[in-house]
Amino acid sequence: MPAPPCSSCHAARAALRRPSSGCALCGPCFCAAFEAEVLHTVLAGRLLPPGAVVAVGASGGKDSTVLAHVLRELTPRLGISLCLVAVDEGIGGYRDAALAAVRRQAARWELPLTIVAYADLFGGWTMDAVARSTAGSGRSRSCCTFCGVLRRRALEEGARLVGATHIVTGHNADDMAETVLMNFLRGDVGRLARGGGLGSPGEGGALPRCRPLQFASQKEVVLYAHFRRLDYFSEECVYAPEAFRGHARDLLKRLEAARPSAVLDLVHSAERLALAPAARPPPPGACSRCGALASRALCQACALLEGLNRGRPRLAIGKGRRGLDEEGPQGAPWDRDRARLPASESIPTF
Ligand code: SF4
C-alpha cells in the first residue's frame, strides 16, 4: 500500500507517522515540526534569553547531537550564541570514540568546543579508577551514581571556562520519565520535591540549566537525527548495564506498551507533583568545602570525592553518608573558592 500524502505539505508522500500525534508527515515537515516544538518549549518556558551564551553539554550521543543541531537552526530566531562543552569521564574503550564524534560535529557546525576531563578536575580520578575503587575490580553498580554527580560539576566548570551564561542538556522525555520512576522507586523525596520542571534557574550561583528536549520522545529524537542525517555515537557506556536506570527503562517500556502516553504523563506529573509540607526536605545550605548548595555538611560531589580519597567510596552513598558529614572533611581534594553549584540531580546522561 502506498504511503499517504504528508498531512502538512500535501505534496510529498509521508515518510513516518509521528509517535506523539499519529500525524503522517514527510521527513522535511516532521523536522520542521520538531524544531518548532523545541522553539516553543524554549520561548514558552523563557529558558534562553536573547544574548545568552549557551553551553551545550555534548556527549556525541543522539540527544545532545540533536539538541545542538536544533539550537543551531534556531539561533537566529532566539538571538543566542552556542558552544559545545564535552566531558571526558575517563572511560576506556568508550569515551574516546564519543569525543571523536563531538569533534566532528564542532568542526562541521563551526561551533567552539571545550573538553574538560575528570582526571584534571578531580585530583586524578577517572571513572575507570572510580570503578576499580568501588568494586575492587571490574564494573560497579554504583558507577553511575558517582558519574552523574561528577559530570554535573564538570559541565558547570567547562561552561564557566568558556564564559557561558546558560547550560543546556539533551535529556529527552524518556530520560525524564525514567528519572521520575527511579526517584519513586528509591523513595527519593528530595528529588521528587524538586519536581520535573524544564531545568533549574541557577540557585546558589550556579549557571541556569535547561532541557529543551524534555517533551520530545526518544523515538522522535532518533527520527530527527535520521532525517537530518546527523552523525552521532550510539554505543552504550561499558558501565551502563549495571545502572539502576536500566530497570526503570524496562519498566517504562512495558508501561508505554499498555499506555502510549505514559512517558509524557510521567513527565507532566512530576512537574505538578506537590508534597505535603511535612514531607518536604529542609531548604539546602552551603557545602562547607566548596560553597555549593548542599542538604548536608558536604555537597554530593565533595562527599563522593572525600570517600574516594579516603579509600572508603561507599561512605558517601546512602546511609554511610551520615558518618562522613559528622566526621567532616579531611583535607581538600580540590579547593574551589567560588561558591556556586547546586546539589546534583540523579540524571547521568547529557
Ligand atoms: Fe557515566 Fe553514563 Fe557511563 Fe554511567 S552510563 S558511568 S553515567 S557515562
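A few remarks follow.
- For the pair residue 108 and residue 286, the difference between a 0.36 nm per residue extended length and the Cα-Cα distance amounts to 59.9 nm.
- Spin-label model, residue 13/residue 185: points 7 Å from Cα along the beta carbon direction are separated by 4.2 nm.
- Volume of the Cα convex hull of the stretch 1-126, divided per residue and given in Å³: 155 Å³
- FRET efficiency, residue 231 to residue 46 (Cβ-Cβ, R0 41 Å, nearest 0.05): 0.80
- Each of residue 100 and residue 272 was given a label point 7 Å from its Cα along the Cα-to-Cβ line. The distance between the two points is 4.8 nm.
- Taking all protein chains as shown and a probe of 1.4 angstrom, residue 250 keeps an accessible surface of around 90 Å².
- Sorted into 5 angstrom bins from 0, the C-alpha pair distances of the stretch 46-202 split as 2, 8, 16, 20, 19, 17, 11, 5, 1, 0, 0 percent.
- For the stretch 33-87, Kirkwood radius (reciprocal of mean inverse C-alpha pair distance, Å): 11.4 Å
The values are calculated or read from the model by the stated rules, or taken from the named source; none is laboratory data. It should be emphasised that the depicted structure is a prediction, and the values quoted were computed from it without experimental measurement. Note that each Cβ is placed from the backbone with ideal geometry, even for glycine, and that neighbours are counted across all protein chains shown. Quick note on the areas: whole protein, heavy atoms, side chains included, nothing else; ligands and nucleic acids left out. Shrake-Rupley method; radii C 1.70, N 1.55, O 1.52, S 1.80 Å.
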